[in-house]
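Okay, structure first, notes after.
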Amino acid sequence: MINREHVSQAFDSYVSAYNADDPKIKLKIDHTCRVAALCEQIGSSAGLGNTDLTWLCGMLHDIGRFEQVRRYNTFVDARSVDHAQFGADLLFHEGLLERFCEDLSESERRILERSIRSHSAYRLGADLSGAEIMYCNVLRDADKIDIFRVNCDTPLE
Ligand SMILES: [Fe+2]
């Protein structure tokens, strides 16, 4: 079960360790919340039953950005780390996921991990199941929609 209130509180608590006065951090906090809402909207219109899971994919998809910018002071993956893989490693290999939710089913964990790992990839891997592809596509579309907005609202530098 996904407890959204707990996830939102855990997200606020996680990002409070980073400097929200830094426009890069603030941008990613706002982006995350908008992408989560878009994921839910797109997932539901695409007929995905588990809208809590699509929302969670949005909430956690860029979790690696905060450590990326703290450690490297850049969002440029080529000059630092692949933020999608980095975030998924923090969540699924270093125990960060448990701060947000502890009782996901195996299939929910797999969908969440694969969606996060592939959200910025040029192409999805060939080994994904039909359901995994659906969730990955919802997240990738939601992310791109908000990136268009960010590119309009925020100076390129
Ligand atoms: Fe991302």
Subject >> region 48-70 - residue that is surrounded by fewer than 19 Cβ atoms within 10 Å (Cβ to Cβ) and at pLDDT 95 or above and, of those, farthest from the ligand (Cβ to nearest atom) >> reply: D52
**OP:** Kindly list the number of the only condition in (1) more than 14 Å from the ligand (Cβ to nearest atom); (2) surrounded by 11 or more Cβ atoms within 10 Å (Cβ to Cβ) that fails for A88.
**Re:** (1)
**OP:** Please verify whether region 94-110 includes one or more residues that are surrounded by 15 or more Cβ atoms within 10 Å (Cβ to Cβ) and of a type in the set (S, T, N, Q).
**Re:** no
Original post:
How many residues, within region 87-113, are aromatic (F, W, Y) and within 16 Å of H6 (Cα to Cα)?
Top reply: 1
Original post:
Going by the structure shown, is Y135 of a type in the set (F, W, Y) and surrounded by 12 or more Cβ atoms within 10 Å (Cβ to Cβ)?
Top reply: yes
**OP:** Report, by residue number, each residue of region 138-157 that is of a type in the set (A, V, I, L, M, F, W, C) and crowded, with 18+ Cβ neighbours inside 10 Å.
**Re:** V138, L139, A142
Original post:
Are any of the residues in region 118-137 of a type in the set (A, V, I, L, M, F, W, C), closer than 20 Å to S8 by Cα and within 14 Å of the ligand (Cβ to nearest atom)?
Top reply: no
Subject >> Output for region 38-47, where each listed residue is in contact with a helix residue (DSSP H, G or I) (Cβ under 7 Å, 6 or more places away or on another chain) and either at pLDDT 95 or above or among the polar types (S, T, N, Q) (or both) >> reply: L38, C39, E40, I42, G43, S44
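The values are calculated or read from the model by the stated rules, or taken from the named source; none is laboratory data. Just so you know, these numbers come straight off a predicted model, no measurement behind them. Glycine also receives a Cβ, built like all others from the backbone with ideal geometry; neighbour counts cover every protein chain displayed.
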